[in-house]
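Let me begin by presenting the structure, written as structure tokens, before commenting on it.
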Amino acid sequence: MSDQKIPYKIYLDETEMPLSWYNVRADMKNKPAPLLNPGTHRPMTAGELAPVFCDELIAQELDDDTAYFPIPEEIRNFYRMYRPSPLVRAYCLEEKLQTPAKIYYKFEGSNTSGSHKLNSAIAQAYYAKKQGLKGVTTETGAGQWGTALSMACAYLGLDCKVFMVKVSYEQKPFRREVMRTYGASVTPSPSTETEVGRRILQEHPGTTGSLGCAISEAVEAAESREGYRYVLGSVLNQVLLHQSIIGLETKAALDKYGVKPDIIIGCAGGGSNLGGLISPFMGEQLRGEASYRFIAVEPASCPSFTRGKFAYDFCDTGRVCPLAKMYTLGSNFIPAANHAGGLRYHGMSPVLSQLYHDGLMEAVSVRQTEVFEAAEQFARVEGILPAPESAHAIKVAIDEALRCKESGEEKTIVFGLTGTGYFDMTAYEKFHDGKMTDYIPTDEEIRKTVDQLPRV
Ligand SMILES: *Cc1c(COP(=O)(O)O)cnc(C)c1O
């Protein structure tokens with residue numbers, strides 16, 4: 001347990017932006033399980049992680065005890081371009097639903113990259129720069145993470161190499177061009193640039209790629225280039241730490257107006273925005289100072305929390321990364337085509353997995369078509385065109401608000417609106433044309449990939 005019991009209030013600067021990130025692990029009695037070396041099954045040491053990750057990020061990753069990490073001034077200067085992000089009372093949605101509930105959303109889509117991912121991208125790029133590195137490599141599926149990282153790298157003058165899943169590279173040319181505008185080099189994956197890429201192309205000619213394959217290529221590209229490291233946009237403890245800025249700002253704003261939330265909701269892909277949003281509130285709950293309902297929302301097509309297993313698994317399909325203990329559908333699980341690209345990951349943050357396992361958090365899964373109904377309803381009254389990922393949280397916020405309408409309870413609901421959906425208009429088009437489907441995996445399908453989990 002940490003001895004840094006300093007109230008977060010003194011961690012705000014004059015613009016009401018936090019001066020430190022908050023590490024919820026410091027207040028967890030049951031810490032998340034450590035990352036394991038895939039060969040020896042022993043906890044990964046800083047030395048073993050060093051060829052792949054930046055040194056200071058490794059220190060953050062492995063630190064379960066330090067409650068507050070000061071945010072370096074250079075990062076705070078960057079944050080000031082788009083933070084604090086708006087915390088909005090959804091009066092129009094409340095009116096439309098005729099609910100006694102009060103609904104607030106924290107909107108992370110007001111920066112050019114369009115999502116919360118920029119909060120961690122700038123931090124990771126900063127530590128790479130500080131270490132004197134030339135550049136970073138990463139993978140991107142839908143493109144939000146690659147976009148955020150390119151922006152951060154452009155700002156710091158760092159080289160950025162993105163492996164983009166080939167199908168997205170071809171289907172989302174606009175995302176690709178945004179990345180190139182910020183100076184990133186974007187390679188469709190699998191590519192002939194890496195050994196693993198060449199092998200996959202030989203074994204599966206004509207493949208359109210997968211996130212797992214792109215991760216393997218990005219890791220290889222970092223390891224084989226002098227002065228490069230690999231960075232990841234979700235799942236890891238360090239990413240949750242950086243994203244705690246979402247929750248700290250939310251709490252500061254609510255406290256200022258004397259509002260105490262009852263229910264806090266977020267969509268969960270790898271868990272970074274939800275983990276960041278709930279962190280300071282969960283900290284209070286863990287210390288016995290307050291209690292809240294926390295709800296993770298995931299797609300029914302990729303239900304890690306609600307139907308996965310809490311076990312050690314590979315973080316990537318290529319099986320080059322360390323093992324993490326998490327709720328997982330198995331690293332071989334390939335979710336059916338779903339338009340919320342950011343929620344198609346087979347696993348979940350080890351921090352959130354532990355909290356969920358300990359009964360401190362709830363999780364629900366929702367179907368794609370009901371998510372788009374909620375997205376459209378929200379856009380029409382609140383004006384913001386939400387990302388499909390974010391709309392998962394909207395859907396459950398609306399459900400909870402309607403429950404309040406039935407019971408007459410005046411609950412306060414806060415949800416994370418992670419981003420905008422301008423690059424997802426083909427998904428909206430499918431929905432409008434009635435061509436969107438709801439694929440839900442069978443128990444047998446899930447059992448098949450869960451049965452292939454590594455034995456640890
Ligand atoms: C990536 C992404 C998500 C999901 O990632 P988490 O790590 O679970 O937060 C959600 N919303 C948007 C807009 C995203 O880009």
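So which of THR138, THR147, THR112 is modelled with pLDDT under 95 and within 30 Å of THR250 (Cβ to Cβ)?
Values: THR138 fails: modelled with pLDDT under 95; THR147 fails: modelled with pLDDT under 95.
THR112 is the lone residue from the list that is modelled with pLDDT under 95 and within 30 Å of THR250 (Cβ to Cβ).
Kindly check whether there is at least one residue in the range 373-381 that is within 13 Å of the ligand (Cβ to nearest atom) and surrounded by fewer than 24 Cβ atoms within 10 Å (Cβ to Cβ).
Going through the range 373-381, the residues within 13 Å of the ligand (Cβ to nearest atom) turn out to be 375.
Going one step further and asking which of them are surrounded by fewer than 24 Cβ atoms within 10 Å (Cβ to Cβ), we end up with none.
No: the range 373-381 contains no residue that is within 13 Å of the ligand (Cβ to nearest atom) and surrounded by fewer than 24 Cβ atoms within 10 Å (Cβ to Cβ).
Where in the range 235-344 are there strands (runs of 3 or more DSSP E), lying fully within it, with 1 or more residues that are more than 16 Å from the ligand (Cβ to nearest atom), open to solvent by 10 Å² or more (accessible area, probe 1.4 Å) and within 27 Å of ALA142 (Cβ to Cβ)?
Working: elements: 263-267, 293-299, 309-314, 323-328.
Hits in the range 235-344: 309-314, 323-328.
When you go through VAL167, VAL136 one by one, which is the residue that is touching a residue at least 60 places away in the same chain (Cβ under 8 Å) and either open to solvent by less than 50 Å² (accessible area, probe 1.4 Å) or under 19 Å from the mean Cα position of the chain (by Cα) (or both)? Talk me through it step by step, then tell me what you get.
Details: VAL167 fails: touching a residue at least 60 places away in the same chain (Cβ under 8 Å).
Sole residue among the options that is touching a residue at least 60 places away in the same chain (Cβ under 8 Å) and either open to solvent by less than 50 Å² (accessible area, probe 1.4 Å) or under 19 Å from the mean Cα position of the chain (by Cα) (or both): VAL136.
List pairs: first in the range 97-120 and under 17 Å from VAL178 (Cα atoms) and open to solvent by less than 30 Å² (accessible area, probe 1.4 Å), second part of a strand (DSSP E or B) and of a type in the set (Ser, Thr, Tyr), Cβ under 7 Å, 6+ apart or cross-chain?
Pairs found: GLY109/SER115; GLY109/THR420; GLY114/THR420.
Which of (1) farther than 23 Å from ILE265 by Cβ; (2) more than 14 Å from the ligand (Cβ to nearest atom); (3) touching a Cys at 6+ places or on another chain (Cβ under 7 Å) is the odd one out, the single condition PRO100 does not satisfy?
Checking PRO100 against (1) farther than 23 Å from ILE265 by Cβ; (2) more than 14 Å from the ligand (Cβ to nearest atom); (3) touching a Cys at 6+ places or on another chain (Cβ under 7 Å), the one that fails is (1).
Have a look at SER365, SER390, SER304 and point out the one that is touching a Ser or Thr at 6+ places or on another chain (Cβ under 7 Å), closer than 20 Å to CYS92 by Cβ and at pLDDT 95 or above.
One residue alone meets the criteria, SER390.
The values are calculated or read from the model by the stated rules, or taken from the named source; none is laboratory data. This is a predicted model, so every value here is computed, not measured. Reconstructed Cβ throughout: ideal geometry from the backbone, glycine too, with neighbour counts over all protein chains shown. Each accessible area value is taken on the protein alone, full model and side chains, heavy atoms only, with ligands, DNA and RNA left out. Shrake-Rupley method; radii C 1.70, N 1.55, O 1.52, S 1.80 Å.
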